[in-house]
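As structure tokens, the structure follows; a few thoughts come after it.
The values are calculated or read from the model by the stated rules, or taken from the named source; none is laboratory data. Note that the structure is predicted; figures quoted are calculated from it, not measured. Cβ placement follows ideal geometry from the backbone for every residue including glycine, while neighbour counts extend to all protein chains displayed. Accessible surface areas use protein heavy atoms only, side chains included; no ligands, DNA or RNA. Shrake-Rupley method; radii C 1.70, N 1.55, O 1.52, S 1.80 Å.
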Amino acid sequence: MPTYAEIINRMKCAAAANYDEREAHSLALWAVEALTGADRVQLLVDPHREVEYVDMEEVERVERELSEARPIQYIIGTTEFCGLQFAVGEGVLVPRPETEELVRWVAEECPTARRILDIGTGSGAIAVSLAKLLPQAEVAAMDISEVALDYASRNATANGVRVRVVQGDALSDWASAFEELDVVVSNPPYVPASDRASMHRNVRDYEPELALFVPDDDLLRFYRSIADGATRALLTGGALYFEIYEGAAEQMIEMLTERGWTDIELRRDFNDKNRMIRCRKR
């Protein structure tokens, strides 16, 4: 059998076609962890130890897909978010670390929330994590995609929480299906279409365009619809949380102010970018 170092090197060489050396090495370790069941410490401390068992056909598949820039999360089928494991694949966005900050903000400010709705749930990362952090809450997850709702449902079950999944369009009259909510949270599509060409191919070529992009001349299309619906679905004093496009912070504050939302707060993420906003129903 090969050594861990030999498999790591194969994965690193495959990833090097699309990533810098540091990221290629990180992806290689991630891939070998999944392939062999070894943990990161074991790989780093004793890389020249012979692997007890590994499926070489799987090694070749992962190697090939890394060379094609397929996201590592899709390759191995899972990712971690808020300390939980989520199944992911084509049809849902890979949850980002920045979004964990949004989840924690909601949990910190709304510890007694009874009814929470996550709009555009994708893999269910936000909804499932909130259901885990706030077990007293009834959490619903809405998405237009049947594929996304299937992932969200499976991820809720796998993580031992109850989440009601609902198919709905954030650009339509979604609020008619909900009432007396304490919290609405959403990470909707917000990337300007013109940014597509500059994105890394692991995102541009694989993650769902429907969940990523909006027209350059209408960056707030989802935010306006969700904000308008939330004025009907939320209880007085209820909170609306968004992940936002960093370049649209001022537009967001202006839009929410014009619509009568109060207690508006903008927060930066760990990269010091405008990333989250919260407001409350008057």
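Decide, for the stretch 100-180, between rounded, prolate and oblate: order the square roots of the alpha carbon gyration tensor eigenvalues as a ≥ b ≥ c, take rounded if a/c falls under 1.5, and otherwise choose prolate if a/b is larger than b/c, else oblate.
Since a/c reaches 1.5 but b/c is at least a/b, the shape of the stretch 100-180 is classed as oblate.
Restricting to bridges with both residues inside the chain, how much of the DSSP beta-bridge set is antiparallel, in percent to the nearest 5? All intermediate terms of the calculation are to be shown ahead of the outcome.
Details: 15 of 36 bridges.
Expressed as a percentage, antiparallel bridges in the chain total about 40.
With point charges of +1 on the Cβ of Lys and Arg and -1 on the Cβ of Asp and Glu, referenced to the Cα centre of the chain, which listed residue (T36, G237, I76) lies farthest in the positive direction of the dipole?
So the residue furthest toward the plus end is G237.
Could you state the orientation-averaged shadow area of the convex hull built on the Cα atoms of the stretch 181-268, in nm² to one decimal?
If I average the Cα hull's projected area over directions, I get 6.3 nm².
If amide H atoms are built 1.01 Å from N in the plane of the peptide, which residues on other chains or at least 5 residues away come under 5 Å of the amide H of R114?
Placed amide hydrogens put D182 under 5 Å from R114.
In terms of solvent-accessible area of protein heavy atoms at a 1.4 angstrom probe, what is the ranking of T157, T78, highest value first?
Sorted by accessible area, descending: T157, T78.
So which aspartates and glutamates can K132 reach, going by Cα to Cα under 18 Å and dropping same-chain residues fewer than 8 places off?
Correct list for K132: E80, E100, E101, E108, E109, D118, D182.
On the Cα set of the stretch 1-108, report Rg and Dmax in Å, please.
Both quantities, over Cα of the stretch 1-108: 15.0, 49 Å.
From the backbone phi of the stretch 253-266, what are the Karplus-calculated ³J(HN,Hα) couplings (6.51 cos²θ - 1.76 cosθ + 1.60, θ = phi - 60°) in whole Hz, Gly and Pro given as x?
For the stretch 253-266, the Karplus-derived couplings read 4, 5, 4, 5, 5, 4, 8, x, 6, 10, 6, 7, 9, 9 Hz, x marking Gly and Pro.
Give me the percent of the accessible area of the chain that comes from carbon and sulfur atoms, probe 1.4 Å, all protein chains in place.
That share works out to 47 percent.
Starting from the Cα of K12, draw a straight line to each of the lysines and keep only those under 27 Å, dropping any in the same chain fewer than 8 residues away.
The qualifying lysines are none; the list is empty.
How compact is the chain by the rule of thumb for globular proteins, expressed as Cα Rg over 2.2 N^0.38 Å?
1.09
Any idea what the dipole of the chain comes to, in debye rounded to 20, about its Cα centre with Lys/Arg Cβ at +1 and Asp/Glu Cβ at -1? Spell out each step's value before the answer.
Numbers: 31 positive and 50 negative charges, 162 e Å.
The dipole of the chain has a size of about 780 debye.
Apply the Karplus curve 6.51 cos²θ - 1.76 cosθ + 1.60, θ = phi - 60°, to the phi angles in the stretch 212-221 and return the couplings in whole Hz, x for Gly and Pro.
For the stretch 212-221, the Karplus curve yields 10, 9, 9, x, 4, 8, 8, 5, 9, 4 Hz.
Taking H as built 1.01 Å from N, whose amide H comes closer than 5 Å to the amide H of V166, not counting residues under 5 places away?
Close amide H contacts, sequence-distant or interchain: A141, M142, D143.
Please calculate how many Å² of accessible area the stretch 124-208 carries per residue, with a 1.4 Å probe and no DNA, RNA or ligand atoms counted. Please list the in-between numbers first.
Details: 3880 Å² over 85 residues.
That works out to 46 Å² per residue.
Each residue of the stretch 77-85 in order: what ³J(HN,Hα) in whole Hz does its phi give by Karplus 6.51 cos²θ - 1.76 cosθ + 1.60, θ = phi - 60°, with x for Gly and Pro?
x, 9, 8, 9, 8, 6, x, 10, 9
Largest first, what is the accessible-area ranking of K281, K273 with a 1.4 Å probe? Please list the in-between numbers first.
Working: K281 50, K273 80 Å².
Greatest to least solvent exposure: K273, K281.
Using only the Cα atoms of the stretch 92-141, build the gyration tensor, take square roots of its eigenvalues as a ≥ b ≥ c, and label the shape rounded, prolate or oblate: rounded if a/c is under 1.5, else prolate if a/b is larger than b/c, else oblate. It would help to have the intermediate numbers written out before the result.
Numbers: a/c = 2.35, a/b = 1.41, b/c = 1.67.
Oblate, since a/c reaches 1.5 and b/c is not below a/b.
Where in the chain is the longest stretch that carries no chymotrypsin sites (Phe, Trp or Tyr not before Pro) classed as loop by DSSP and with at most 15 other Cβ atoms within 10 Å?
Values: sites that count: Y53, F270.
It works out to 54-269.
If you average the sequence gap of Cα pairs under 8 Å that are 6 or more apart and divide by the length of the chain, what percent do you get for the contact order?
This gives 14 percent for the chain.
For the full complex of protein chains and a 1.4 angstrom probe, list H25, H48 by accessible area with the highest value first.
Result of the area sort, largest leading: H48, H25.
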